[in-house]
Amino acid sequence: MTDSATTPEAARHSTPLKLRDVTVTDAFWHTEQELVRTAVLPFQWNALNDNVPGAAPSYCMHNFKAAAAQNARKNTEGKQFVPPAYSYRGFESKPEDPAHPDPDKFYGFVFQDTDFSKWVEAVGYSLAHHPDAELEATADKAIDIVCAAQLDNGYLDTYYILNGMDRAFHNLRWHHELYCLGHLIEGAIAYYEGTGKDKLLKAAERFADYTAEYFGPNEGQCKGYPGHEIAEMALARLAGVTGDRKYLDLAKFFIDERGTEPNYFRYEGERDKKDGSADTDWRFDYPYAQAHEPVREQTEAVGHAVRAGYLYSGMAAVARMTDDPTLAKACENLWRNIVDKKLYVTGGIGGTREGEAFSYNYDLPNDSAYSESCAAISLAFFARRMLELDPKAEYADVMELALYNTTLAGMALDGKSFFYVNPLEVNPYACHKDRRLDHVKPVRQKWFGCACCPPNIARIVESVQEYAYTVSDDASTLYTHLYMGGEAKAALGGVPVRLSVDADLPWHGDGSVVVHLGEDSDGVSGRFTLAFRLPGWAGAQGAAAAAISATGESPEADGSPRITRDVRDGYLYLTGEWRDGDIVSFDFPMPVRMLKANPLVREDVGKVAFTRGPITFCAEERDNGANLHLLHADVARILADPGSIKVEDFDFHAGAKGIDDQGQGEVDQVTRHMVRLEVPAWREVVPASVADAPAGDSADAPAFSPLYAQYAPAERESVTATLIPYFAWANRGENEMTVFLHD
């Protein structure tokens, strides 16, 4: 779309391989994707149709059917049809009689349409590699309903179609039309790429066309931009798929306009106050929506963490596609702030429930963390697009951290319940008693009225292979960012290349890559580069690079190797004349790392966390007993003998009964192979009279157990702490959990 690939800034740009060109066969991600296909997608389809007992209704398909029926009446009545006049029915509207919702009215949140869009996106990714006639037929019927709801002018948002189009695009701060557009585009592209069917894609293009006419820099066009971002990254992707520059121009307009003066959101608020048309008296905080200053001047990640991650992803995509170094620099600045000052050790972001937002620098509470599942996913989106801008291993390290930990923690191992919030420390007693922790759930929920997280998890799991590889824009280099067993195909130097990868991450660091060239491999060779990420968890770059070897590196008859190596920015570049059957072997060290937080993170002073490979580990009450705050890692022993930590392969047995009459917390019996850590530790001994008192309740403790006493060193009891992968916690029933142990 541009000739920027010839410029120095674009020389390292790359693009993800198409979904059909990458398959995943390794046990870990194959299991996750199979879970989504067999459990999550059918479950979520039932949820979208309000057919899950005990779960909050979605009303998503109800709304599309209502809008389609309204369009049918319009077509029948012609000039006699009277469209609805706008009436505000709340940010979330519910039927007076939940058992009998009005078939012609809109219900749910103003962004309820996105439940479908994210579901169909995951379906598209799934069908790309696992054809399923029944699932495809279900999706086709749903798409027919959605397309029947679209207006003749291309507009497609059921909230305004049913409540009155006279206020469409009137409240960009809160009403999410552009957010709905973005998710519709993402879902439509995924379904098109997965099935070859373009009905939904054409509908998304028509909505985008309408939007491109309404918004823009020209006289008479609206100067607004999304309240909740995602349209930016989606429009950039639509431009790449269709080759139509106007979608990229619209994405760039939204980004360039954001936070400039006069501030559009301020204009909206003053206009509504003046003419008395405000839907709500909510106070709009400009940093909450990253609209407090132009994006190129923003250096600190602020506001709603999901919105921010989506915006930064769009910025990075537009920076690459337009070769804009100023926008790329802004992305780098924001990345540094997140990674250096606002990132949880689990790959989560967003420390406070207030605005579901980034807090101030180094404020990373464990028990009250928000760390929304969608926010971790948005961080993975951002990281991948930073890799496309410039291949640096740090981006892939963080992407991997978010994918393997907080993203997966958001879904139970049976795929039937979900976390919206992902804390790093949980005391169930406090969660039930302390209203300050209302947002923290000690068990996963079946569904949410605001159901952004479950389908978001489904769509990223089903498309995870797109995060593993990119190919340079000049088709000279294939980058391996994540080590997943499977195959990857690309044309490099004019030669068809297929990599067959054998890997067993995240549990073991060894594997191999077999290089296949051409359709007929006899005598085929090609000159190109294979670049392999050197994971940060594997130690120093030199040691990680030494863990990789290629058959072509051995000297040939002339004394020179066919393949030479070079290390840059955390990647090993293997360049030269590749032959069919060449093998690249790797055996990365996977030491257990005992990590401490920056001392400015007040909540983690005097504490340590344990990681191995891309996995962050945690302690659960189920393995270690109650009162985990009294459990200490035996740091002195570990430092003296790192081998004292035992790494054990084991079978994790999930399964739990519900904690209430709605079955919250219920998990089916599931067995998964994992690795656990046995860590030298000690416990502070508590007098039996205190230890036997009800958890969190001192009222029943005997009078001789004082609340305060003269200081004396804690009495220590030597124990072994069992740590399991963080993503697996709360799959064996309600119990305490902590990531950080006292040192």
Handout entry: Burial order of peptide ranges 90-100, 279-289 (average beta-carbon count within 10 Å, highest first)
Key = 279-289, 90-100
Exercise for the section: Kindly rank 368-379, 329-340 from highest to lowest mean number of other beta carbons found within 10 Å of each residue. Expected result: 368-379, 329-340
Completion exercise
Of Arg593, Arg384, ordered by accessible area with the largest first and a 1.4 Å probe, the sequence is Arg593, Arg384
Exercise for the section: Enumerate the aspartates and glutamates that Lys202 could reach by cross-link, defined here as Cα to Cα under 16 Å, with residues fewer than 8 away along the same chain left out. Expected result: Glu121, Asp140, Asp144, Asp152, Asp157, Glu186, Glu193, Asp244
Problem - Portion, in percent, of the accessible area of region 592-742 that falls on carbon or sulfur, probe 1.4 Å - result: 50 percent
Problem - For region 618-675 versus region 65-127, the gap between their alpha-carbon centres in whole angstrom - result: 44 Å
Practice task
State to the nearest 20 debye the size of the charge dipole of the chain about its Cα centre, where the only charges are +1 on K and R beta carbons and -1 on D and E beta carbons.
Solution key: 860 debye
Problem - Entries in Lys223/Lys273; Lys342/Lys441; Lys118/Lys441; Lys392/Lys646 that, when Cα-Cα distance is taken, lie over 30 Å - result: Lys392/Lys646
Problem - Accessible surface, the chain, averaged per residue in Å² (probe 1.4 Å) - result: 39 Å²
Practice task
Would you please put 601-612, 639-650 in order of how densely packed they are, using the mean number of other Cβ atoms within 10 angstrom per residue and starting with the highest?
Solution key: 601-612, 639-650
Practice task
About the Cα centre of region 592-742, how large is the charge dipole given +1 on each Lys and Arg Cβ and -1 on each Asp and Glu Cβ? Please answer in debye to the nearest 20.
Solution key: 740 debye
Practice task
Hey, for a label at Asp438 modelled as a point 7 Å past Cα toward Cβ, could you say which residues of region 357-384 have their backbone N under 19 Å away?
Solution key: 357, 367-372
Completion exercise
Ranking Phe740, Val24, Ile230 by how far each Cα lies towards the positive end of the charge dipole of the chain (+1 on Lys and Arg Cβ, -1 on Asp and Glu Cβ), the top one is Ile230
Practice task
Using a/c under 1.5 as the rounded threshold, could you call region 592-742 rounded, prolate or oblate? The axes a ≥ b ≥ c are square roots of the C-alpha gyration tensor eigenvalues, and prolate needs a/b larger than b/c, oblate otherwise.
Solution key: oblate
Practice task
Over region 499-604, consider all pairs of different Cα atoms and compute the Kirkwood hydrodynamic radius from their mean reciprocal separation; express it in Å, one decimal.
Solution key: 15.6 Å
Completion exercise
Taking every DSSP bridge whose two residues both lie in the chain, the antiparallel percent to the nearest 5 is 95 percent
Completion exercise
Of the candidates Asn218, Ala137, Asn456, the farthest towards the positive dipole end of the chain (Lys/Arg Cβ +1, Asp/Glu Cβ -1, centred on the Cα centre) is Asn218
Problem - Shape box of the chain [Cα atoms, principal axes, largest first, Å] - result: 87, 83, 51
Handout entry: Spatially proximal lysines relative to Lys74 (Cα-Cα < 21 Å; intrachain offsets below 8 disregarded)
Key = Lys65, Lys105
Handout entry: 19 Å cut-off, amide nitrogen to a point 7 angstrom out along Asp198 Cα→Cβ, residues in region 216-238
Key = 235-238
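The values are calculated or read from the model by the stated rules, or taken from the named source; none is laboratory data. Note that this is a predicted model, so its numbers are computed, not measured. In this analysis, Cβ positions are derived from the backbone assuming ideal geometry, glycine residues included, and neighbour counts consider all displayed protein chains. Ligands, DNA and RNA are stripped out before the accessible areas are found, and what is left, the full protein with its side chains, is counted by its heavy atoms. Shrake-Rupley method; radii C 1.70, N 1.55, O 1.52, S 1.80 Å.
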